[in-house]
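Have a look at the structure below, then the notes.
The values are calculated or read from the model by the stated rules, or taken from the named source; none is laboratory data. Note that the structure is a prediction, hence the values are computed from the model and not measured. A quick note on method: Cβ atoms are made from the backbone with ideal geometry, for glycine too, and the neighbour counts reach across all protein chains shown. Please note that ligands, DNA and RNA were not included when accessible areas were found on the heavy atoms of the full protein model with its side chains. Shrake-Rupley method; radii C 1.70, N 1.55, O 1.52, S 1.80 Å.
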Protein chains: 2
Amino acid sequence: MPIKADLDAIDWKILRELQDDGRMTNVELSRRVGISAPPCLRRVKRLEDEGIIQRYRALLNAPALGMDVVAFCLVGLNRQSEVDLKAFADRTRGWPIVRSAWMVSGESDFMLHCLAPDLGTFQTFVIEELTSSPNVDTVRTALTIRQVKDDGLVSI
Amino acid sequence: MPIKADLDAIDWKILRELQDDGRMTNVELSRRVGISAPPCLRRVKRLEDEGIIQRYRALLNAPALGMDVVAFCLVGLNRQSEVDLKAFADRTRGWPIVRSAWMVSGESDFMLHCLAPDLGTFQTFVIEELTSSPNVDTVRTALTIRQVKDDGLVSI
DNA sequence: GTGAATGCGCAAGATTCTTGCGCGAGTCCC
DNA sequence: GGGACTCGCGCAAGAATCTTGCGCATTCAC
């Protein structure tokens with residue numbers, strides 16, 4: 001894990017622009033941040049090499065691809081030993097419906113971000129896979145109605 | 001909102017590759033999906049034009065940028081009329097700590113994905129901004145310990 | 001003042017993007 | 001069947017971009 005980065009204003013502009021459009025050409029990016037293309041490319045490469053930019057991803061339109069149900073699941077376990085936590089984390093990676101997952105502290109132990117083609121598929125997953133999984137105590141679900149904000153993870 | 005797309009195997013390969021590396025060159029992409037560059041570029045453009053690919057985004061390393069606290073907040077409102085829901089949704093857009101937000105159904109009305117530089121900043125936000133916001137009834141927070149899965153939103 | 005370090009911009013070759021065009025496979029209607 | 005049409009691929013060439021090396025200006029420390 002890298003040390004806290006020291007970034008100047010241009011670096012922050014680059015990060016903001018690439019969060020907004022990760023496929024922007026380097027020429028366009030350099031124009032927007034106010035330097036010429038070669039040093040701009042070197043800055044981007046440095047940000048990638050230092051792990052500040054972790055990756056680039058295309059964001060897809062789930063409903064257009066037949067995925068109409070987005071939901072969150074808060075999962076509580078009976079036992080929270082390191083072995084138990086790791087076992088459940090491993091299990092989440094084997095479930096395609098679970099698109100991302102976090103280990104959390106609070107009333108629950110895991111937060112799952114889920115995606116399914118329809119409500120039936122999601123309910124079947126919750127009942128037959130999630131709730132009936134070993135060591136799972138409680139499952140609370142929140143079906144999303146619509147997303148009201150979607151900014152990048154790190155602001156400005 | 002577009003009609004359900006009809007995509008062939010090559011389109012799905014393209015979507016998978018661009019979810020994995022959204023900044024891949026078209027030449028490399030075409031090599032991976034097994035067609036030449038021009039038709040590959042035309043397919044990507046079509047996927048973008050139809051809104052199936054919504055955007056490209058650089059994913060940043062939050063801790064390296066001094067953002068050590070990632071949390072989820074489940075917010076329940078006193079009144080859930082359309083006006084009330086819209087008012088709270090608008091409010092979330094004005095909070096930089098809230099990076100993304102969903103309107104949900106279930107025990108709560110909104111799910112907030114939050115990012116803060118430290119625990120104190122996050123707690124101040126919850127107490128002085130979120131809990132004390134008009135019409136907010138309940139706030140349950142789940143601090144993330146670590147992310148255990150992070151796939152793209154739509155699989156394969 | 002001087003030397004080292006940093007980071008910019010210029011320039012040129014390599015690579016990629018982008019467009020128009022021709023060709024072959026599949027389909028539909030006669 | 002046969003002909004016209006549609007669709008999507010690949011080739012090719014010019015435009016744009018990427019990538020690298022290099023020279024120069026600024027800054028900092030000594």
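Taking Cα atoms, how many degrees apart are the long axis of helix A:82-93 and the longest axis of chain A, rounded to 10 and kept between 0 and 90?
80
What residues qualify as long-range amide H neighbours of B:Asp137, i.e. H under 5 Å apart, gap of 5 or more or another chain, H built at 1.01 Å from N?
B:Gly76, B:Leu77, B:Asn78
Using the Kirkwood radius over C-alpha pairs as Rh, can you work out the diffusion coefficient of segment B:9-49 via Stokes-Einstein at 37 °C, viscosity 0.692 mPa s, in µm² per second?
Details: Rh = 9.8 Å.
In µm²/s, the coefficient rounds to 336.
Residue farthest toward the positive end of the dipole of segment B:9-49, with Cβ of Lys/Arg at +1 and Asp/Glu at -1: which of B:Trp12, B:Gly34, B:Met24?
Checking the options against the dipole of segment B:9-49, the answer is B:Gly34.
How many angstrom lie between the Cα centre of segment A:112-135 and the Cα centre of segment B:69-119?
So the separation of the two Cα centres works out to 24 Å.
For segment A:63-143, what is the convex hull (Cα atoms) projected area averaged across all directions, in square nanometres?
If you wrap the Cα atoms of segment A:63-143 in a convex hull and average its projections, you get 4.9 nm².
Between A:Asp68 and B:Asp150, what is the label-point separation in nm under the 7 Å Cα-to-beta-carbon projection?
3.2
Calculate how steeply helix A:37-49 sits against the longest principal axis of the alpha-carbon atoms of chain A, using the helix alpha-carbon long axis, and give the answer as 0 to 90 degrees to the nearest 10.
It is inclined by approximately 30 degrees.
Under a 10 Å cutoff between Cα atoms, tell me which one of A:Met67, A:Met111, A:Met24 has the largest fluctuation in the Gaussian network model of chain A.
Looking only at A:Met67, A:Met111, A:Met24, the biggest GNM fluctuation is shown by A:Met24.
Using a Förster radius of 35 Å, what is the FRET efficiency between A:Glu50 and B:Glu107 based on their Cβ-Cβ separation? Nearest 0.05, please.
Rounded to the nearest 0.05, the efficiency is 0.25.
Taking the Cα centre of chain A as origin, sum charge times position over the Cβ atoms of Lys and Arg (+1) and Asp and Glu (-1), and report the length of that vector in debye to the nearest 20.
Computed charge dipole of chain A: roughly 540 debye.
What is the ratio of the Cα radius of gyration of the protein assembly as shown to 2.2 N^0.38 Å, with N the residue count, to two decimals?
On the way: Rg = 20.3 Å, N = 312, 2.2 N^0.38 = 19.5 Å.
Taking N as the residue count of the protein assembly as shown, the ratio is 1.04.
Evaluate E = 1/(1 + (r/R0)^6) for B:Arg32 and A:Arg32, where r is the Cβ-Cβ distance and R0 equals 22 Å; express this FRET efficiency to the nearest 0.05. Could the numbers behind the result be given before it?
Values: r = 29 Å, r/R0 = 1.34.
The pair B:Arg32/A:Arg32 has a calculated efficiency of 0.15.
What size of dipole, in debye to the nearest 20, comes out for segment B:88-156 about its Cα centre when the only charges are +1 on Lys and Arg C-beta atoms and -1 on Asp and Glu C-beta atoms?
My answer is approximately 160 debye.
Calculate I(q)/I(0) for chain B by the Debye formula, one identical point scatterer on each C-alpha and no solvent, and give its log10 at q = 0.13, 0.20, 0.21 Å⁻¹ to two decimals.
At q = 0.13, 0.20, 0.21 Å⁻¹ the computed log10 ratios are -0.79, -1.15, -1.21.
Using Cα atoms only, what is the angle between the long axis of helix A:9-20 and the major principal axis of chain A, expressed in degrees (0 to 90) to the nearest 10?
Result, in degrees: 50.
Charges at C-beta only: +1 for Lys and Arg, -1 for Asp and Glu. How large is the resulting dipole of segment A:1-58 about its Cα centre, in Debye rounded to 20?
The dipole magnitude comes to about 100 debye.
Positive end of the charge dipole of segment A:63-143 (Lys, Arg +1 and Asp, Glu -1 on Cβ, about the Cα centre): tell me which of A:Thr92, A:Val139, A:Leu119 has its Cα farthest that way.
Working it through, the farthest residue towards the positive pole turns out to be A:Thr92.
Give me the one-decimal nm value for the distance between modelled label points at A:Trp12 and A:Gln80, 7 Å along each residue's Cα-to-Cβ direction.
Using points 7 Å along Cα→Cβ, the separation is 3.6 nm.
Just to confirm, what accessible area per residue do you get for chain B at 1.4 Å probe, in whole Å²? Intermediate results must be reported in sequence, preceding the final value.
On the way: 7440 Å² over 156 residues.
Here the per-residue accessible area is 48 Å².
Between A:Thr138 and the same site in the other copies, what are the distances in nm, shortest first, taking label points 7 Å from Cα along the C-beta direction?
Its label point is 1.0 nm from the equivalent points in the other copies.
Calculated from DSSP H runs of 4 or more alone, at -39500 (n - 2.57) each and per residue, what is the 222 nm mean residue ellipticity of the protein assembly as shown, nearest 500?
Result for the protein assembly as shown, helices only: -9500 deg cm²/dmol.
Rounded to whole Hz and in sequence order, give me ³J(HN,Hα) for segment A:136-153 from the Karplus expression 6.51 cos²θ - 1.76 cosθ + 1.60, θ = phi - 60°, writing x for Gly and Pro.
Karplus values, whole Hz, x for Gly and Pro: 7, 9, 10, 9, 10, 10, 9, 6, 7, 8, 6, 7, 10, 7, 8, 9, x, 5.
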